[in-house]
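Written out below as structure tokens is the structure these notes cover.
The values are calculated or read from the model by the stated rules, or taken from the named source; none is laboratory data. Since the model is a prediction, treat every value here as computed from it, not as a measurement. Glycine gets a Cβ as well: all are built from the backbone with ideal geometry, and neighbour counts include every protein chain shown. Side chains are part of the model used for accessible areas, which takes the heavy atoms of the whole protein and leaves out ligands, DNA and RNA. Shrake-Rupley method; radii C 1.70, N 1.55, O 1.52, S 1.80 Å.
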Amino acid sequence: MPLNSFGHLFRVTTWGESHGPAIGATVDGCPPGVALEPAMLQHWLDRRRPGQSRYTTQRREADAVEILSGVFEGRTTGHPIQLMIANTDQRAKDYGDIADKFRPGHADYTYWLKYGIRDHRGGGRASARETASRVAAGGVARAVLAELVPGLSITGAMVRMGPRAIDRERWDWDEIPRNPFWTPDAEAAADWAGYLDGLRKSGNSVGAVIEVVARGVPAGLGVPVYGKLDTELAAAMMSINAVKGVEIGDGFAAAALTGEENADEIRMGNDGPHFLSNHAGGILGGISSGQDVVVRFAVKPTSSILKPRRTIDKAGNETEIVTRGRHDPCVGIRAVPVGEAMMACVLLDHVLLHRGQIGGQVGENRGRIG
């Protein structure tokens with residue numbers, strides 16, 4: 001029952017543990033002839049890399065990706081692409097004190113309960129370290145999308161840190177890469193800096209909400225009823241370590257609207273139909289409408305903190321635990337490029353599914369309007 005893979009035609013399998021010799025991904029189903037070299041993937045991995053500011057874990061990893069197969073003379077061959085990222089800054093000794101204890105809020109207890117064994121060094125597969133493999137695979141997906149769907153762009157942003165949300169009236173796409181929080185609101189970034197500094201110095205952590213927007217998505221992606229685009233996106237985002245909730249478009253806020261308010265009205269423009277709003281997040285009936293696809297996911301606070309917490313050990317004894325080592329005070333910061341990668345993988349998978357079922361170019365106007 002191998003469940004370390006996701007995707008249908010574009011299929012990604014991740015492997016490795018936080019403190020093992022390496023982590024990586026096997027990418028299968030990539031079309032042949034696509035230009036691909038390590039630097040194209042490294043660009044995205046560098047955005048997720050730890051130790052780039054005082055607001056993330058100080059673990060120093062180069063996250064240098066190697067392409068071991070599936071590429072010849074700079075182009076994909078159509079065969080499995082093996083990606084490897086060496087772990088170079090492990091400190092297993094930092095976790096010696098928790099080898100027999102379970103961190104509250106972490107997967108320690110459930111992994112041990114299920115398998116009877118767990119890798120306590122950084123959490124093993126339950127560590128956010130696993131997400132570097134996803135980002136590398138997402139880089140492959142982006143390279144293919146650039147050729148198959150020119151003009152499609154994917155941008156993630158942090159829109160909430162703990163109780164502090166951005167002001168959407170100040171949304172500036174160009175601001176996102178300028179601050180360490182990947183937020184489009186410069187004033188929020190300044191506020192979050194002081195807020196997170198206080199939490200970090202006290203040994204605490206906080207959660208976040210990430211929004212990922214795909215612009216230029218062609219209409220027609222998604223397969224009813226069990227392969228809906230929003231179903232696949234929700235599953236992909238929910239599979240990211242520490243994610244506890246996902247919404248598409250207005251999401252849960254739609255429950256407070258009336259049908260009149262929620263309806264995305266349609267008018268006819270010079271370039272064809274256009275919508276007057278996007279409460280649906282670019283997906284109707286599980287199929288992309290041609291609008292921006294908007295996904296939001298909630299990331300819980302990092303479980304590894306310096307605050308003493310009550311727990312039990314493997315023998316069932318009640319005890320306390322304090323997690324030493326290097327950890328993100330807000331793991332949501334580095335979840336931004338991970339969410340982008342998962343969006344890229346799902347969109348490419350559905351581009352290929354669409355081409356396989358319908359044929360021709362995705363987004364072609366098959367229903368004659370006007």
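Going residue by residue through segment 215-224, is there one that turns out to be open to solvent by 30 Å² or more (accessible area, probe 1.4 Å) and either over 22 Å from residue 353 (Cβ atoms) or charged (D, E, K, R) (or both)?
So far as segment 215-224 goes, yes, one or more of its residues are open to solvent by 30 Å² or more (accessible area, probe 1.4 Å) and either over 22 Å from residue 353 (Cβ atoms) or charged (D, E, K, R) (or both).
Of the residues in segment 272-298, how many are surrounded by 21 or more Cβ atoms within 10 Å (Cβ to Cβ) and in a strand (DSSP E or B)?
Here the count works out to 7.
Residues that are in contact with a Cys (Cβ under 9 Å, 6 or more places away or on another chain) and buried (at least 22 other Cβ atoms within 10 Å of the Cβ): does segment 98-109 have at least one?
Looking through segment 98-109, none of the residues is in contact with a Cys (Cβ under 9 Å, 6 or more places away or on another chain) and buried (at least 22 other Cβ atoms within 10 Å of the Cβ).
So residue 206 passes all but one of these: (1) over 28 Å from residue 356 (Cα atoms); (2) among the aliphatic types (A, V, I, L, M); (3) not in a loop (DSSP other than H, G, I, E, B). Which condition number does it fail?
Residue 206 satisfies all of (1) over 28 Å from residue 356 (Cα atoms); (2) among the aliphatic types (A, V, I, L, M); (3) not in a loop (DSSP other than H, G, I, E, B) except (3).
Listed here are the residues, each with its yes/no results for (1) under 22 Å from residue 24 (Cα atoms); (2) modelled with pLDDT under 85.
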{"residue": "62", "(1), (2)": "yes, yes"}
{"residue": "73", "(1), (2)": "yes, no"}
{"residue": "77", "(1), (2)": "yes, no"}
{"residue": "83", "(1), (2)": "yes, no"}
{"residue": "91", "(1), (2)": "yes, yes"}
{"residue": "95", "(1), (2)": "no, yes"}
{"residue": "100", "(1), (2)": "no, no"}
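State all residues of segment 299-335 that are among the hydroxyl-bearing types (Ser, Thr, Tyr) and not in a loop (DSSP other than H, G, I, E, B); if no residue qualifies, say none.
Result: 311, 319.
Just to be sure I understand the filter: pairs with C-beta atoms under 6 Å, separated by 6 or more residues or on different chains, first member in segment 30-56 and farther than 29 Å from residue 356 by Cα and open to solvent by 60 Å² or more (accessible area, probe 1.4 Å), second member part of a loop (DSSP other than H, G, I, E, B) and modelled with pLDDT under 95. Which pairs pass?
From residues that are farther than 29 Å from residue 356 by Cα and open to solvent by 60 Å² or more (accessible area, probe 1.4 Å), the pairs are 49/63.
Determine whether segment 349-365 contains at least one residue that is of a type in the set (A, V, I, L, M), surrounded by fewer than 23 Cβ atoms within 10 Å (Cβ to Cβ), modelled with pLDDT under 95 and in a loop (DSSP other than H, G, I, E, B).
So far as segment 349-365 goes, yes, one or more of its residues are of a type in the set (A, V, I, L, M), surrounded by fewer than 23 Cβ atoms within 10 Å (Cβ to Cβ), modelled with pLDDT under 95 and in a loop (DSSP other than H, G, I, E, B).
When you scan segment 222-244, how many residues do you find that are of a type outside the set (Phe, Trp, Tyr) and part of a loop (DSSP other than H, G, I, E, B)?
So the answer is 8.
Give me a count of the residues in segment 247-262 that are over 13 Å from residue 298 (Cβ atoms), under 27 Å from the mean Cα position of the chain (by Cα) and surrounded by 11 or more Cβ atoms within 10 Å (Cβ to Cβ).
5
Given the criteria crowded, with 20+ Cβ neighbours inside 10 Å and either in contact (Cβ under 8 Å) with a residue 12 or more places away in the chain or over 19 Å from the mean Cα position of the chain (by Cα) (or both), does residue 126 qualify?
When the stated conditions are applied, residue 126 passes them.
(1) modelled with pLDDT of 95 or more; (2) more than 30 Å from residue 308 (Cα to Cα); (3) open to solvent by 60 Å² or more (accessible area, probe 1.4 Å): which one isn't true of residue 163, the others all being true?
(2)
Can you work out which of the residues in segment 299-319 that are open to solvent by less than 40 Å² (accessible area, probe 1.4 Å) and among the aliphatic types (A, V, I, L, M) is nearest to residue 208 (Cα to Cα)?
299
Looking at (1) part of a loop (DSSP other than H, G, I, E, B); (2) without any contact (Cβ under 8 Å) to a residue 40 or more places away in the chain; (3) hydroxyl-bearing (Ser, Thr, Tyr), can you tell me which one residue 195 breaks?
(1)
Could you look through segment 1-22, keep only residues that are in contact with a Gly (Cβ under 9 Å, 6 or more places away or on another chain) and either over 29 Å from residue 230 (Cβ atoms) or acidic (Asp, Glu) (or both), and pick out the one that is most open to solvent (accessible area, probe 1.4 Å)?
Across segment 1-22, the extreme among qualifying residues is 17.
Yes or no: residue 331 in contact (Cβ under 8 Å) with a residue 12 or more places away in the chain, more than 30 Å from residue 219 (Cβ to Cβ) and surrounded by fewer than 17 Cβ atoms within 10 Å (Cβ to Cβ)?
no
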